[in-house]
Amino acid sequence: MKTLKKLDINKVATAIEADVGNALPGLRESLAQAKAGEFAQVHTPEQMVARRRGRPAGSKQAVTKEAVKIRLDADVLAALRASGDGWQTRINDTLRASLALSGALEK
């Protein structure tokens, strides 16, 4: 951490921007935050070993979801996956809206 205190933000930012080939908006602010320790966190080897894989304890959602196996047409699945991350959540939302419209599920 001592090395960050001596960090010349302008010099480092200039070197990074020279490598990239153009100015990077917010770079100097981000470096200043890192220098101040606002977003940087150092993990010791002991902390890394103590941390278990997966989500931290107590981070469960209020409503748990159930894993199911479903068969979809290949073109439907391709279109859903092409819509980007979160496509499974969007399927759930779409099914929920459809069931609510049909009266099978309360809104």
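The values are calculated or read from the model by the stated rules, or taken from the named source; none is laboratory data. Please read all numbers here as calculations on a predicted model, not as lab measurements. Every residue, glycine as well, gets a Cβ built from its backbone with ideal geometry; the counts of neighbours run over all protein chains shown.
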Exercise for the section: Confirm whether ARG71 is assigned to a loop (DSSP other than H, G, I, E, B) and modelled with pLDDT of 90 or more. Expected result: yes
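Can you tell me which of ALA79, ALA13, ALA32 is surrounded by 10 or more Cβ atoms within 10 Å (Cβ to Cβ), in a helix (DSSP H, G or I), in contact with a helix residue (DSSP H, G or I) (Cβ under 7 Å, 6 or more places away or on another chain) and at pLDDT 90 or above?
Within the list ALA79, ALA13, ALA32, the selection yields ALA13.
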